[in-house]
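Engineer: After the structure tokens below, expect a handful of questions from me.
The values are calculated or read from the model by the stated rules, or taken from the named source; none is laboratory data. Every value quoted in this text rests on a predicted model; they were computed, and no experiment measured them. Neighbour counts run over all protein chains shown; Cβ positions are idealised from the backbone, glycine included.
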Amino acid sequence: MRPLTRRLLTAAALTATLGVALAGCAKTDTVTAEDMSLGDPKSKITVVEYASTSCSHCARWHKDVYPAFKAKYVDTGKVNYVYREVLTPPTEVAAAAFLLARCAGKDKYFQVVDSVYRSQEEMFTTGQYREVLLRVAQAAGMDEAKFNTCVSDEKALKAMNDRIEKYSREQDIQGTPTFVVNGKKVGAAEGGERSLAELDAAIAEASK
């Protein structure tokens, strides 16, 4: 793999991993200013997705299910959708993508994440991680200097790791993607792709 930057690869040693299940009891999520969200923040239903930009299952869910989910629940204001970052192998790639998305700002965060998902197969097939992520950054209005600064920001990486450790402990996140509706996991404890029908049922139950 061609290095993204030397500093990022050094900092990546700090990343939280999903290989160890972190004990904890599920509870209702409190959305904070650090969270990236879409929909109505005042909605009584909060759907949290724990996902990674280097997770193929997450990319497939966002391609096959997310558009319908977004149209039905997010665009209509029926739910507050929160996306929380998790790092899966190759963790340095996932970390770089998330750092890049946050640098782009809240208004472009989901655009960047979507672009990374759409480019995931290309990255894994060619091994051109840096080149693809740089292209995504440029499409979001960044130049190469800004890109390099973003993906080598060790302070931002530590903050990300702290968030991941906290949420993984609180929700016992064991795999990606994992969906939590009003504090209750949807499906198996280890996570996995969920159909729109499964999310429909979980949202309906939470609405009672």
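Engineer: What are the residues in the stretch 130-142 that are part of a helix (DSSP H, G or I), among the small types (Gly, Ala, Ser) and surrounded by fewer than 19 Cβ atoms within 10 Å (Cβ to Cβ), if any?
Structural biologist: ALA139, the sole residue that qualifies.
Engineer: Is it true that some residue in the stretch 118-129 is small (Gly, Ala, Ser), crowded, with 19+ Cβ neighbours inside 10 Å and in contact with a Ser or Thr (Cβ under 8 Å, 6 or more places away or on another chain)?
Structural biologist: no
Engineer: Another one. Looking at ALA156, ALA197, ALA189, ALA139, which is the one that is under 19 Å from ALA51 (Cα atoms), small (Gly, Ala, Ser) and modelled with pLDDT of 95 or more?
Structural biologist: Working: ALA197 fails: under 19 Å from ALA51 (Cα atoms); ALA189 fails: modelled with pLDDT of 95 or more; ALA139 fails: under 19 Å from ALA51 (Cα atoms).
Every option except ALA156 fails the conditions.
Engineer: Regarding ALA26, is this residue modelled with pLDDT under 95 and either more than 14 Å from the chain's Cα centre (by Cα) or not in a helix (DSSP H, G or I) (or both)?
Structural biologist: yes
Engineer: Checking the structure you have, find out if any residue of the stretch 75-85 is outside any loop (DSSP other than H, G, I, E, B), basic (Lys, Arg), modelled with pLDDT under 95 and touching a helix residue (DSSP H, G or I) at 6+ places or on another chain (Cβ under 8 Å).
Structural biologist: No; the residues of the stretch 75-85 include none that is outside any loop (DSSP other than H, G, I, E, B), basic (Lys, Arg), modelled with pLDDT under 95 and touching a helix residue (DSSP H, G or I) at 6+ places or on another chain (Cβ under 8 Å).
Engineer: Additional query: Across the stretch 93-117, what is the number of residues that are in contact with a helix residue (DSSP H, G or I) (Cβ under 9 Å, 6 or more places away or on another chain), of a type in the set (D, E, K, R) and without any contact (Cβ under 8 Å) to a residue 40 or more places away in the chain?
Structural biologist: Number of matching residues: 1.
Engineer: Is it true that some residue in the stretch 74-83 is within 17 Å of CYS55 (Cα to Cα), buried (at least 20 other Cβ atoms within 10 Å of the Cβ) and not aromatic (Phe, Trp, Tyr)?
Structural biologist: So far as the stretch 74-83 goes, no, none of its residues is within 17 Å of CYS55 (Cα to Cα), buried (at least 20 other Cβ atoms within 10 Å of the Cβ) and not aromatic (Phe, Trp, Tyr).
Engineer: Out of (1) modelled with pLDDT of 95 or more; (2) more than 12 Å from the chain's Cα centre (by Cα); (3) part of a loop (DSSP other than H, G, I, E, B), the odd one out for THR53 is which?
Structural biologist: (2)
Engineer: Further question: Would you point out which residue out of GLY191, GLY187 is on the phi > 0 side of the Ramachandran plot and surrounded by 22 or more Cβ atoms within 10 Å (Cβ to Cβ)?
Structural biologist: The unique qualifying residue is GLY191.
Engineer: Moving on. Given GLU85, GLU92, GLU122, GLU131, which one is out of contact with any Pro (no Cβ under 7 Å at 6 or more places or on another chain), closer than 27 Å to ALA197 by Cβ and acidic (Asp, Glu)?
Structural biologist: GLU85
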